[in-house]
Amino acid sequence: MKGHLKEYFKLLQFAKGQRFWLFLAIVCMGITTLFEGVSLGLIIPVSDRVLTNKKIVIPGELPDFLSNFIDKLNAIEPVMFLKLIVVFIPLIFLIKGIFTFLQNYFMNIVGQQVIYEVRNRLFDKFHQLSMNFYAKKRMGELMSRITNDVAIITNAISYALKDLLFESMKVFIFAILAFYIGFKISWKLPLVAFILFPLIMFPVIRLGKRIKKFTKTMQEKMADLNSLMADTIGGMYIVKAFSRQNHERRRFRNINYGYYKYNLKAIKREITISPLTEFTATIGVVFVLWVVGNEVISGRVSFGIFGAFMAYLMSMIRPLKKLSNVYAINQKALAASARIYDILEETPQIEERKNPEDIKEIKDSIEFKDVQFRYSPDDDLVLEDINLKVKKGEVVALVGPSGAGKTTLVNLLPRFYDPQKGVVKIDQRDIKAVKIESLRELISIVSQQTVLFHSTVGENIAYGKEGATFEQVKEAAKKAHAYEFIEQFPKKFDTVIGDRGVKLSGGQKQRISIARAILKDAPILILDEATSQLDSISEKFIKEALTILMRGKTTFVIAHRLSTVEEADLIVVLDKGKIKETGTHKSLIAGDTAYKRLYELQFNI
């Protein structure tokens, strides 16, 4: 139970910033409950004074203020009482209605603010987390956290919390009133509540735990669904090309059936709670009816007191049912909350030191010293004993077979990952001591896997430089030889290119990516197979543009086509994570080297 409360208070932390609106909602709930209690209390004078013209009788001794108040009510003539009640009842329900509206409105503000804040926190966290986190997680799973899980906790806070506070308040106040009257009538009546309450709560708690378990599994199944949809829709070209539609449909149906099955189990237990609570409470009401009915028949209790007592008891059944449903909703929310906190409490592997240095330029060199790297403790080393020094303005080509570690090596420079051993330096300064934002401002990247956004051509190019003018965007497009095909689009630079640039050819995507890097004009340039998707004519123009772009820049070129690296100042041959040899094209081709063997194999020499 202690652990459950701890989890629930952790869930409520999401509403921590909404204390003002919560306070207003609670005040309105109190006023609403008060007027609801008064409206039920009117049963006493209506029954005893207006309808039957009898005295209001409460057995036992009463406090003086209550005794005097009842005497005054008994002194009022029935006709006058009727006139007062005709005016008083609509007024009570009008005020109650206003405050009911306000409490619901304020709690909905809380709920919507929670959605807004939690999604912002999750999205901010996504940007803080390191690339290794995304290597372990599926896109659909992360989407499920920020959509489905947030919706579930919001439902718990805006609706379930409202019901928890409001219905608990009603049960508390009505229970006090009913217990007071019950004690006056017979000592047996309060005893019923002490017996029935555990009988109601025990099955509710048991069922709630099962609901929480099923909800966790359901959310995992929903994450699987989102991941499958993201993969299938994103890769629809391949799905259709290989005629795998039926295979994907079967996969989707299997996962969807799992979600349906667990959802049905959770629903079955959730809908069991309400009738179970109602039936148990009804047994108590029947017992009370038997005891109090005899007191009314004997004349020891007036009909109005009996009616009010029964009204308070019956009015507690609905809140108890709601509270049992609230428990079920909260169990779902606790499962969703745990999944959200898994993200929010994740520690980024790439962290910035306190008081990091700003770096504006590269003055001397970039150095990899005794670098070792693996993606996770269970993986083999991807890079081992890397020692490499690159002077400012040099063009370094990284060559070697696939999986040699070329891309991993350049990914250490912008701190997408940190080596487990060794250090990466710029101008003899450990890049871990440098502010990450300023470090990455020094680097432009054109990768083999072109990443474009569902936006316009102009906005995708301008992504390389915040505040770039249209003239700067256009000039970058010209240098990347993208201007010609952009001008042929109906809306030119305002043409929306679709999700991941689906409306563009491979070569067009690559040239947009190159234009983005040209616009940034950073002193360090990383070209990871930058010309891999270009036809021979485009490649010729792009090479010319890249040659101009690379002047004065420290450039790392990753290329499988060795013809593209012949002019590099330094060629680094990597194999199985180790540097096998370094040199110029001329020096390496002259000896018995791995580079020479790769070159001869590629050109059939």
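Consider segment 16-49 and keep the residues that are over 16 Å from I92 (Cβ atoms) and modelled with pLDDT under 75. The one that is surrounded by the most Cβ atoms within 10 Å (Cβ to Cβ) is D48. Looking only at residues of segment 489-508 that are surrounded by 17 or more Cβ atoms within 10 Å (Cβ to Cβ) and of a type in the set (A, V, I, L, M), we find that the one that is nearest to E437 (Cα to Cα) is I497. Checked against (1) surrounded by 21 or more Cβ atoms within 10 Å (Cβ to Cβ); (2) part of a strand (DSSP E or B), V410 passes all but condition (2). Taken as a whole, the condition of being out of contact with any helix residue (DSSP H, G or I) (no Cβ under 8 Å at 6 or more places or on another chain) and β-branched (V, I, T) does not apply to I486.
The residue pairs whose first member lies in segment 19-30 and is small (G, A, S), whose second member is part of a helix (DSSP H, G or I), and whose beta carbons are closer than 8 Å, counting only pairs six or more residues apart or on different chains, are A25/L102; A25/Q103; A25/F106; A25/M107; A25/V110; A25/K162; A25/L165; G30/M169.
Taken over segment 381-405, the residue count meeting the criterion of being assigned to a loop (DSSP other than H, G, I, E, B), buried (at least 21 other Cβ atoms within 10 Å of the Cβ) and more than 40 Å from the chain's Cα centre (by Cα) is 1.
Residue by residue through segment 478-488, note down the ones that are farther than 22 Å from F556 by Cα and surrounded by 17 or more Cβ atoms within 10 Å (Cβ to Cβ). Within segment 478-488, A482, Y483, F485, I486 meet the criteria.
Go through (1) at pLDDT 75 or above; (2) under 23 Å from the mean Cα position of the chain (by Cα); (3) crowded, with 16+ Cβ neighbours inside 10 Å and name the single condition Y260 misses. With (1) at pLDDT 75 or above; (2) under 23 Å from the mean Cα position of the chain (by Cα); (3) crowded, with 16+ Cβ neighbours inside 10 Å applied to Y260, the lone miss is (3). Of the residues screened, G577 is one that is surrounded by 19 or more Cβ atoms within 10 Å (Cβ to Cβ), over 19 Å from S444 (Cβ atoms), at pLDDT 85 or above and not β-branched (V, I, T).
Within segment 92-130, the set of residues being modelled with pLDDT of 85 or more and in contact with a Leu (Cβ under 7 Å, 6 or more places away or on another chain) comprises just one member, F106.
Go through the residues of segment 51-72 one by one and say whether even a single one is modelled with pLDDT of 80 or more and in the same structural domain as S337 (by TED's automatic domain parsing). Within segment 51-72 (the criterion being modelled with pLDDT of 80 or more and in the same structural domain as S337 (by TED's automatic domain parsing)), the answer is no, since none of the residues qualifies.
Within 30 Å of the chain's Cα centre (by Cα) and free of Cβ contacts under 8 Å to residues at least 40 places away in the same chain, is that true of Q449? Yes; evaluated as a whole, the condition is true for this residue. For segment 507-544, a residue qualifies if it is of a type in the set (A, V, I, L, M), over 19 Å from L398 (Cβ atoms) and modelled with pLDDT of 75 or more, and the qualifying residues are I512, A515, I518, L519. Residues in segment 560-574 that are outside any helix (DSSP H, G or I) and either of a type in the set (S, T, Y) or modelled with pLDDT under 75 (or both): H560, R561. In the set (1) out of contact with any Ser or Thr (no Cβ under 7 Å at 6 or more places or on another chain); (2) at pLDDT 75 or above; (3) hydroxyl-bearing (S, T, Y), the condition left unmet by T232 is number (2).
The values are calculated or read from the model by the stated rules, or taken from the named source; none is laboratory data. Since the structure is predicted, the reported quantities are computational estimates derived from the model, not experimental observations. All Cβ positions, glycine included, derive from the backbone under ideal geometry; neighbour counts span all protein chains shown.
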